[in-house]
Amino acid sequence: MTTSLSPLDFAADVLSTHLPLIQAPMAGVQAAGLAIAVSEAGGLGSLPAALLPLDALQRELEALRAGTHRPFNVNFFAHVSPLPDPAREARWRERLAPYFSEFGVDASSIVAGVGRQPFSHAVADVVEAFKPPVISFHFGLPAPDLLARVKGWGSRVISSATTVEEAVWLEAHGVDAVIAQGWEAGGHRGHFLSTDLTRQAGTLALLPQIVNAVSVPVIATGGIVTAAGIQAALALGASAVQVGTAFMLCEEALTSAPHRQVLREPQGHHTAVTNLMTGRPARGIVNRLMREVGPINELAPAFPLAGNALAPLRAKAEAQGSGDFSPLWAGQNFTGLKEVGAAALVAELAQAF
Ligand SMILES: Cc1cc2nc3c(=O)[nH]c(=O)nc-3n(C[C@H](O)[C@H](O)[C@H](O)COP(=O)(O)O)c2cc1C
């Protein structure tokens, strides 16, 4: 059974914030600006760092440091990089060939991208100088020596669990809190013990089971977009919530024009979990590629390699204002989306506490 620490005590003791409210790290749609606004408003702003080369990471951390004296979270992926598989890559490009012809893409010009690098000592060398109060991981945890290094400089460590087994594993490996990621959540599923998606439950079912199974505090995420949703999560034993999709239309978010467009339209509110964009299942708004090739297709190369062959198609479509080949990550609950400054949204959500 999880700790009896109240949400406000959890915020003060573990997150060092006024509010037990974390702005979910959202790679591709935000940088330091959104995190600063949320931290200044009393929540925990998050910087998604999984896509950032080291020099960009340094710049974003400097911007965060300059923009707020309040605590913040920096988020990394803890996946194992796959070995290249030329045969699978060739089959994937064959499947995409009709699109390459349609958009005039020369497939032989596609270069292997940098992709998403897992957390490493080189990354830790940059982060250490900033000693973020909280570091969150997706897809498990880094190797024990790296985790010990992060904890050694004083960061609190949290990580996503999509099943009870993953929550128990994370507690046994030393996290300060578990993020229970329900099936409704936008973006990548954080699973790391089993790839069987039928094992993954919605927030309402997952959260109380994780609360019963671990003694560390539990942060609820997935489909939580309003103060009423937060209250429901707290009633089920959450010590805090992590809210993503609700922040995507905020003025400080860097959500692209085609992505904003589909988020605004009720007909865009159809999401599915797809592996096409990166090779790992992630929830996004259904677009042309997902309709015609997926949403799940076994030809997609392993994470993060699937995105390489899509990059030129994505660029050409986006230049025409279309998100047909882009990852349009979003959760299932669109109720709370508002085109306001993040501080106004935090103030509205804070009514839950
Ligand atoms: C656009 C977008 C990008 C995301 N990127 C990340 C990421 O970089 N790292 C991460 O740990 N989670 C990421 N997530 C997942 C969130 O941490 C969280 O699980 C999710 O937003 C919660 O569900 P909600 O969107 O319904 O609030 C992303 C989610 C979205 C919507």
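Summary table below
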{"read-out": "Residue within the stretch 285-293 that is farther than 23 Å from Ile110 by Cβ and either surrounded by 17 or more Cβ atoms within 10 Å (Cβ to Cβ) or assigned by TED's automatic domain parsing to the domain that holds Val38 (or both) present", "value": "yes"}
{"read-out": "Count - residues of the stretch 63-77 that are touching a helix residue (DSSP H, G or I) at 6+ places or on another chain (Cβ under 8 Å) and more than 18 Å from Met26 (Cα to Cα)", "value": "4"}
{"read-out": "Selected residue (criterion: surrounded by the most Cβ atoms within 10 Å (Cβ to Cβ)) from residues of the stretch 233-247 that are within 6 Å of the ligand (Cβ to nearest atom) and farther than 11 Å from Leu21 by Cβ", "value": "Thr245"}
{"read-out": "Residues (surrounded by fewer than 23 Cβ atoms within 10 Å (Cβ to Cβ), touching a residue at least 40 places away in the same chain (Cβ under 8 Å) and touching a helix residue (DSSP H, G or I) at 6+ places or on another chain (Cβ under 8 Å)) located in the stretch 164-181", "value": "Val164, Val168, Asp176"}
{"read-out": "The stretch 47-57 - residue that is closer than 16 Å to Gln30 by Cα and away from the ligand (no atom under 11 Å from the Cβ) and, of those, surrounded by the most Cβ atoms within 10 Å (Cβ to Cβ)", "value": "Leu57"}
{"read-out": "Counted residues, the stretch 297-314 - those being assigned to a loop (DSSP other than H, G, I, E, B), open to solvent by 20 Å² or more (accessible area, probe 1.4 Å) and in contact (Cβ under 8 Å) with a residue 60 or more places away in the chain", "value": "4"}
{"read-out": "Total residues in the stretch 196-222, condition part of a loop (DSSP other than H, G, I, E, B), touching a residue at least 12 places away in the same chain (Cβ under 8 Å) and open to solvent by 40 Å² or more (accessible area, probe 1.4 Å)", "value": "1"}
{"read-out": "Looking only at the stretch 324-353, and only at residues there that are assigned to a helix (DSSP H, G or I) and either under 30 Å from Leu305 (Cα atoms) or open to solvent by less than 30 Å² (accessible area, probe 1.4 Å) (or both), the one that is farthest from the ligand (Cβ to nearest atom)", "value": "Ala350"}
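The values are calculated or read from the model by the stated rules, or taken from the named source; none is laboratory data. Computed from a prediction, not measured in an experiment: that's the story for all the values here. FYI the Cβ positions are ideal-geometry reconstructions off the backbone, even for glycines, and counts take in every protein chain you see. For accessibility, only protein heavy atoms count, side chains too; no ligands or nucleic acids. Shrake-Rupley method; radii C 1.70, N 1.55, O 1.52, S 1.80 Å.
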